[in-house]
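Following: one structure in structure tokens, then a few remarks.
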There are 2 protein chains.
Amino acid sequence: MSESVSMGDYKSTTSNILKGQLKWAGDLTFQGRTQRGYELDFDGKVEWGCAPTEALLLSLAGCMAIDVVSILQKQRVELESFKVDISGERNPAPPQYFTSIHIILRLAGKDIDRKKVDRAIELSQEKYCSVRHTLRPDIEITIEAVIGKE
Amino acid sequence: MSESVSMGDYKSTTSNILKGQLKWAGDLTFQGRTQRGYELDFDGKVEWGCAPTEALLLSLAGCMAIDVVSILQKQRVELESFKVDISGERNPAPPQYFTSIHIILRLAGKDIDRKKVDRAIELSQEKYCSVRHTLRPDIEITIEAVIGKE
């Protein structure tokens, strides 16, 4: 596999400049919108929508998941299911940034090769994951892959 | 205004451990879910849902917006509208992390005091914003406040 070619198609669909908008909807609620119109709702009290830190955590899971699935698909690995559990611990006092994040990838499919999975995770972490590389480098991020039945 | 008391209510509603889940939905699409059940959909090709980097950008806008509105509300500033435009530039080659982010806050209301707005932004950036402090410190983040009619 040529690493640069393997991610070329996916990576080339994303622009270098990204834009978004937020509109206050009363109290501590905000309606967010990506430049393509996808809506994401925030609530400081988390009675509605999500907390910004929850969206951040899911964005890391999403970025790594897209990388890993993309790499495995290029290698013709036949996935039947793929799930991610992510949890993050935050500094107890403000600023409540994430100090550690644990990710569990749960893959099922036909004859999934652990080496390919581990290599895909490594490539995402070290080379491709835009979200991971936008985060502070001192966050302790651990990733575990569980291969088996759904 | 006591700074720690002013954000106490909002900050105490968020837990130190946050969890989320993702489920692959074919191709490069994933359905995300916060621990409270809010759904966030990702698509590596951005034909559906959003890109993880877009969600990350909005999470920063949301976190700062919640801080600023929360601080201004505690100071009895009467906001009529509040909008945020955010744009981020990414490294052109992988990893395509954000190198700079520009945020424009657009506030309208009765006799809004620029000093209070500037101080609220400063407090968010330096002390409260969980998302900003989870990002790498070398990202150049500029914030502009526009006070006026909607």
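The values are calculated or read from the model by the stated rules, or taken from the named source; none is laboratory data. None of the values given here were measured: they were computed from a predicted structure. Because the Cβ atoms are built from the backbone with ideal geometry, glycine has one as well, and the counts that use them run over all protein chains shown. We work out accessible area using only protein heavy atoms, side chains counted, and drop any ligands, DNA or RNA first. Shrake-Rupley method; radii C 1.70, N 1.55, O 1.52, S 1.80 Å.
Just one of the numbered conditions (1) buried (at least 19 other Cβ atoms within 10 Å of the Cβ); (2) in contact (Cβ under 8 Å) with a residue 40 or more places away in the chain is not true of A:Ala55; which one?
Result: A:Ala55 fails condition (2) only.
Please work out which residue is farthest from B:Glu78 (Cα to Cα), limiting yourself to the stretch B:124-150 and to residues that are more than 14 Å from the chain's Cα centre (by Cα) and either buried (at least 20 other Cβ atoms within 10 Å of the Cβ) or of a type in the set (Val, Ile, Thr) (or both).
Looking at residues that are more than 14 Å from the chain's Cα centre (by Cα) and either buried (at least 20 other Cβ atoms within 10 Å of the Cβ) or of a type in the set (Val, Ile, Thr) (or both), I get B:Ile139.
Kindly check whether there is at least one residue in the stretch B:104-115 that is in a strand (DSSP E or B) and open to solvent by 60 Å² or more (accessible area, probe 1.4 Å).
Looking for residues that are in a strand (DSSP E or B) and open to solvent by 60 Å² or more (accessible area, probe 1.4 Å), one finds at least one in the stretch B:104-115, hence yes.
Of all residues in the stretch A:46-66, which are charged (D, E, K, R) and touching a strand residue (DSSP E or B) at 6+ places or on another chain (Cβ under 8 Å)?
Once the filter is applied, which keeps residues that are charged (D, E, K, R) and touching a strand residue (DSSP E or B) at 6+ places or on another chain (Cβ under 8 Å), the stretch A:46-66 yields only A:Glu54.
Across the stretch A:70-102, what is the total count of residues that are touching a strand residue (DSSP E or B) at 6+ places or on another chain (Cβ under 6 Å) and not in a strand (DSSP E or B)?
3
Could you please let me know if B:Ala120 is farther than 24 Å from A:Ser124 by Cα and part of a strand (DSSP E or B)?
no
Of all residues in the stretch A:70-95, how many are polar (S, T, N, Q) and within 20 Å of the chain's Cα centre (by Cα)?
Residues that pass the stated criteria total 4.
Is it the case that the stretch B:81-94 has a residue that's charged (D, E, K, R) and buried (at least 24 other Cβ atoms within 10 Å of the Cβ)?
Going residue by residue through the stretch B:81-94, those that are charged (D, E, K, R) are B:83, B:85, B:89-90.
Subsequent filtering for residues that are buried (at least 24 other Cβ atoms within 10 Å of the Cβ) retains none.
No, because not a single residue in the stretch B:81-94 is charged (D, E, K, R) and buried (at least 24 other Cβ atoms within 10 Å of the Cβ).
Can you give me the number of residues within the stretch B:45-69 that are within 8 Å of chain A (Cβ to nearest Cβ) and under 18 Å from the mean Cα position of the chain (by Cα)? If you could, list the steps in order and put the result at the bottom.
Pass one, the stretch B:45-69, residues within 8 Å of chain A (Cβ to nearest Cβ): B:45-46, B:49-63, B:65-66, B:69.
If we keep only those that are under 18 Å from the mean Cα position of the chain (by Cα) as well, we get B:50-63, B:65-66, B:69.
Adding up the residues that qualify gives 17.
So which residues in the stretch B:80-104 are within 7 Å of chain A (Cβ to nearest Cβ) and within 17 Å of A:Gly26 (Cβ to Cβ), if there are any at all? Please lay out each step first, then the result.
We begin by selecting, within the stretch B:80-104, every residue within 7 Å of chain A (Cβ to nearest Cβ); these are B:81-90, B:92, B:94-98.
Once the filter is applied, which keeps residues that are within 7 Å of chain A (Cβ to nearest Cβ) and within 17 Å of A:Gly26 (Cβ to Cβ), the stretch B:80-104 yields B:Ser81, B:Phe82, B:Lys83, B:Val84.
Of the numbered conditions (1) facing chain A (nearest Cβ under 9 Å); (2) open to solvent by less than 10 Å² (accessible area, probe 1.4 Å); (3) modelled with pLDDT of 95 or more, B:Met7 fails exactly one; give the number of that condition.
Only one criterion is unmet by B:Met7, namely (3).
Give the residues of the stretch B:25-44 that are at the interface with chain A (Cβ under 7 Å from one of its Cβ atoms) and either under 17 Å from A:Val131 (Cβ atoms) or in contact (Cβ under 8 Å) with a residue 60 or more places away in the chain (or both), sorted by residue number.
Step one: of the stretch B:25-44, the residues at the interface with chain A (Cβ under 7 Å from one of its Cβ atoms) are B:28, B:30, B:32, B:34, B:36, B:38, B:40, B:42, B:44.
Of everything in the stretch B:25-44, those that are at the interface with chain A (Cβ under 7 Å from one of its Cβ atoms) and either under 17 Å from A:Val131 (Cβ atoms) or in contact (Cβ under 8 Å) with a residue 60 or more places away in the chain (or both) turn out to be B:Leu28, B:Phe30, B:Gly32, B:Thr34, B:Leu40, B:Phe42, B:Gly44.
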